[in-house]
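Visitor: My structure is below; once you've seen it, I'll send some questions.
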Amino acid sequence: MANAGAIRAGKAFVELYADDSKLAAGLRRAQKRLQSFGASVRTAGLALFGVGTAAVTALAGTAKLFVDMGDAVNKASQRTGIAVETLSELGYAAEQSGLEMSTLEGGLRRMAAVVVEAAHGSKGAQQALAALGLSASELGRLSPDEQFKAIADRMARIENPTVRAAVAMDIFGKSGTQLLPMLREGRAGIEALQQRARDLGLAHLPEIAEREAAPLGLTVPQCLGYLRDNLHFTFTAREQRGLELFYQLACRHGLARPGLKLDSRQYEPV
C-alpha cells in the first residue's frame with residue numbers, strides 16, 4: 001500500500017496540473033506561443049536558405065557517411081594508441097598544414113613501429129632515432145603523441161632539407177615528406193595548433209557527442225561526425241541575415257527582448 005507521503009505527493013501533482021490551475025493555463029499559452037514561433041521559424045528558414053524536400057531527401061542519404069566519419073576517428077585512436085581528443089587536436093594541426101588525417105595516422109603508426117623495433121634491437125631503427133639524438137628507451141617512456149612532438153622538435157633543428165627529408169622517411173615511412181610542413185616548427189608549432197583546436201572547441205567534440213547522442217536518438221559516431229564535419233561558426237552576410245530574422249520572430253512572439261543589437265563578429269574565433 002502507498003504510504004501517506006506518496007498519497008500527498010500524488011494529490012499535489014494532480015492539483016498542480018489540473019486543467020483549471022493557473023500553471024496549466026500558463027503552460028498551454030506558452031506552448032501555443034512556442035508552436036507558433038517554431039512554425040514561423042521553420043517557414044522563414046526554409047525560405048531564407050532554400051531548403052526543400054529534395055534537400056531533405058539528399059541529407060537523409062548522408063547518414064551512413066556521418067557514421068563512417070565519426071567512427072574513423074575512434075578507429076584511428078585505437079590504431080595509434082592516442083586518445084580521441086588528442087588525436088582530434090593533432091588532426092586539426094595536420095589539416096592546417098595541408099594534410100589529411102590518413103596521412104597523419106600512417107606516419108604515427110610507422111613511428112610507433114620504429115620505436116618498438118629499436119627497443120627490440122633493430123639496428124636500422126636505432127640508427128634512425130640516433131640521427132635525431134633519441135633512443136628507444138627515452139621515447140618508450142612517452143605517450144605516442146609526446147613521442148611525435150619530441151621527434152618533431154629534433155626534426156626542426158635539421159637545417160639541411162635533404163637530410164631532414166631522409167630522416168623523416170626513415171621514421172615516418174612514406175608519410176614522412178608529407179609530414180614535414182607539420183613538423184617544421186617542432187613541438188611549439190604543434191602545441192600552438194592543438195591549443196587553437198581547443199580554443200575552437202574541436203577538442204571537446206567527442207565529449208559533447210558522448211553526452212548528447214543518446215538524448216537526441218543518435219549514435220555517438222553520428223553525433224561526432226555531424227558536429228565535426230557539418231557545422232561551422234563563421235558568419236557571412238547570409239548567416240547574419242538569418243540570425244536577425246530569427247531574433248525578429250522571437251521578439252514578435254514575446255520570447256526575446258526587443259532593442260538588442262546583433263553583431264556576429266563578437267562570436268567569431270580570435
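Please treat every number below as a calculation from the coordinates, not as lab data. Because the structure is predicted, anything quoted here is derived from the model rather than measured. Counting neighbours? That spans all protein chains shown, and the Cβs are built from the backbone with ideal geometry, glycine included.
Visitor: How far apart, in nm, are the 7 Å Cα→Cβ label points at LEU245 and LYS123?
Guide: Output for this residue pair reads 7.2 nm.
Visitor: Give me LYS123, LYS149, LYS261 sorted ascending by neighbouring Cβ count inside 10 Å, so fewest comes first.
Guide: Least crowded to most crowded, the residues run LYS261, LYS123, LYS149.
Visitor: How far apart, in nm, are two points set 7 Å out from the Cα along the Cα-to-Cβ line at ASN160 and at ARG196?
Guide: Inter-label distance under the simple model: 3.2 nm.
Visitor: Quick one: putting +1 on the C-beta of Lys and Arg, -1 on the C-beta of Asp and Glu, what dipole do you get for region 64-204 around its Cα centre, in Debye to the nearest 20? The partial results should precede the final answer.
Guide: Working: 16 positive and 17 negative charges, 64 e Å.
So the dipole magnitude of region 64-204 works out to roughly 300 debye.
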